[in-house]
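Taking it in order: structure first as structure tokens, then the write-up.
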Amino acid sequence: MTFLSRQLSLVLAVLGLAVSPITGRADPGPAQRFADTIRPHLESYCLDCHGPEQQKGKVNLGAVADFDAVLRDPGLWDRVLIQLGDGEMPPEDEPQPSQAERQNLIGWIGEALHIAANPDKPDPGRITARRLNRREYNHTVRDLFGVSVQPAGNFPLDGSGGEGFDNAADTLFLPPVLMEGYFAAADAVLEELFSKPDLAGQALSPAPDEAQPPAEALQTIVERYGQLAFRGPVPGEELNRIAALGHQALEEGQPFEEALRRSLKAFLLSPRFLFRIEEDHDSEEPWRISDWELATRLSYFLWSSMPDQRIFELAGTQQLSRPEVLAAEVERMLADPRAGTLAEHFAGQWLHFEKITSTANPDAGKFKELTPRIREAMYEESRLFFDDLLRNNGRLLDILDADYAYLNGSLASFYGISGVEGRDFQKVQLPDRRRGGVLGMGSILTATSLPLRTSPVLRGKWILEEILGTPPPPPPPLVDSLPDDDRNRKGLTLRQQLELHRAQAECAGCHQRMDPLGFGLENFDPIGRWRDELRGDPIDASGELPSGVAFTGPEELKDILLEQKEAFARNLSERMLGYALGRGIEYFDRPAVDELVRTLSETEFRSLPFIQAIAASYPFQHRRNPRLEEDPS
């Protein structure tokens, strides 16, 4: 099946339509069909809201005069395709295209995007020279010198970008205060290094003696750390400049330790250490990165840290890029405890369960049971679940529905699950389907609640955005706010108040998608405990989707999400590829994403072949120079 056919299978399957073969050739067909049928469809169903007179969402499809204009803005049409596919557009209170017209629109947009992405001439995208974020800095100095100090905790917070992660190159700025932090961090690292005999013994090896004078010993140590600190071969003149700082100290009569400290500090303050810098080529075409650069991309993807000696050896012999070697290294690296960073920072940021120990803020007076110990247990439940899935070739559909959870005695008691004792976490078979997977995790249920009540809106939005990858647009300004707590007002329950809010024309489109999904989780209270009633009334956990599908409770909601596993697979692929690349996913990444979706489908959603496919993907192994429009300077 071609890239486009696979892409359209997802969208058209939702609509119950058949997929017709698409050639993807850049011939006059698409241009002529735009003039003959697509432009009239836009005029009939789109231009009243997205035309010359009105541009809702700042989208003006009326300005699209011909097929070339479509190709110039594929990102826009990617969004149009998604909204047509999930039925969000046109809004239900507007004239609707027939199934044949909708199929024609979706098929044509898909063909246009296929031409724009041009799989025969793929684009790996642009990745800015990226500085180490706070986590990566701490992990790198740990693996470089063996220290336990984490000085990056004093750095300014890293922003998030790309697919929502704090390793996105374009958001990792270098403010002046950070430069001050680098000097303090280097001093902290070297202070621990030289104050602990076991660590200093490694750093000072070989120590100067009668056979090797101090200048020779210092040069040897600098050369050894050069490749490690700079994550690849270093020009001799650069190493000599760093060594010269130590030699000068020796000439001034400084002790050997002080001389070596000066050279090692120069490593820690060098742009080659603080940034992941890849070699530029004088080329207008993309190129395959070197094995050294692949080693660094791989280690920071899986470990958030520098390569180890094994990866360096393979890179040095140009073996790492061999497909079978790379696949084996991914498997080896995932078995290493350092790969736990995938659960902590990829899954934690993607699904927001890390918020349970930071910004999740249930009212402390109303929810005294949510103690610091329970918060930490909720975080550990989520971390262990994803660590097992990602590092042990787990079945990634367990994210949606699992028959097990990682619990200790206190968290199991908090959830009302019997038979679990002790403070240690263990894999527990659950008595039913209420709790398994992310929909039943206290960390996520708490993070998607308000301080005084649950929020079907936030929970439904979270499912749309983080699970299915179809985020709703931001709310319009000046709409009526919803109550802060769950008390009845004017004889209306919270659910009835939400229904009135949803009845407002400007709110209906989004809330009809979000609210039913959130209502399916209403049996979970604002801190993730199961409840059957609220203020004496039975919990109503029923929902009806815009498609007319009705369900009740988290178990039936999970069944609905499992029926949309292709949408989940695409979202998961975009998120992890974006995390691996350190940038947002663009329209030209569609062939790579589609290949990842295919890998998930063919391997029963197992994590190892999926992660191996990311490491082997075209954008992960290639780069290009910035285009003129990306870098006006």
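One table, with the values for the structure above:
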quantity	calculated
Cut-off under 5 Å, modelled amide H: who pairs with Leu534 long-range	Ile539
Under Karplus coefficients 6.51, -1.76 and 1.60, residue-wise ³J(HN,Hα) of the range 428-440 in Hz, glycine/proline x	10, 6, 7, x, 7, 8, 4, 9, x, x, 5, 5, x
Per-residue HN-Hα couplings for the range 94-104 [Karplus 6.51, -1.76, 1.60; θ = phi - 60°; Hz; x = Gly/Pro]	10, x, 10, x, 5, 4, 5, 5, 5, 4, 4
Principal-axis tilt of helix 372-391 within the chain, Cα atoms, nearest 10 degrees	80
Partner lysines for Lys368 [C-alpha distance under 24 Å; skip if fewer than 8 residues away on the same chain]	Lys355
Relative contact order of the range 313-455, defined on C-alpha pairs under 8 angstrom at six or more residues apart (%)	26
Size of charge dipole - the range 322-443 - debye, nearest 20, with Cβ of Lys, Arg +1 and Asp, Glu -1, no other charges	280
Table column - 3J(HN,Hα) (Hz), the range 584-594, Karplus curve with 6.51, -1.76, 1.60, x for Gly and Pro	x, 8, 10, 4, 6, 8, 4, x, 5, 5, 4
Over the range 193-257: Kirkwood hydrodynamic radius from C-alpha pairwise inverse distances, Å	12.5
Protein accessible area in the chain, 1.4 Å probe - carbon and sulfur %	50
Around Gly518: net Lys/Arg minus Asp/Glu count, Cβ-Cβ under 9 Å	0
20 Å binning of all Cα-Cα separations within the chain, expressed as whole percents from 0 upward	17, 45, 30, 7, 0
Volume in Å³ per residue [convex hull over Cα atoms, computed for the range 125-227]	122
Shape call, the range 383-437: gyration tensor on alpha carbons, a/c limit 1.5	oblate
Where the chain is the region considered: accessible area per residue in Å², 1.4 Å probe	45
Per-residue [θ]222 nm for the chain (sum of -39500 (n - 2.57) over DSSP H runs n ≥ 4, rounded to 500)	-15000 deg cm²/dmol
Dimensionless Rg over Rh [the range 258-374; C-alpha; Kirkwood]	1.14
Amide H contacts under 5 Å for Ser542, placed H, 5+ residues apart	Gly553
Rounded, prolate or oblate (a/c below 1.5 giving rounded, otherwise prolate when a/b exceeds b/c) for the range 351-485 by Cα gyration tensor	oblate
Between the range 387-462 and the range 149-186, the alpha-carbon center distance in angstrom	32
The range 50-137 - percent relative contact order, Cα under 8 Å, separation 6 or more	22
Relative contact order %, the chain, counting alpha carbon pairs below 8 Å whose residues are six or more apart	16
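The values are calculated or read from the model by the stated rules, or taken from the named source; none is laboratory data. In this text, all values refer to a predicted model and were calculated from it rather than measured experimentally. Glycine gets a Cβ as well: all are built from the backbone with ideal geometry, and neighbour counts include every protein chain shown. What goes into the accessible areas is simple: the full protein's heavy atoms, side chains included, and nothing from ligands, DNA or RNA. Shrake-Rupley method; radii C 1.70, N 1.55, O 1.52, S 1.80 Å.
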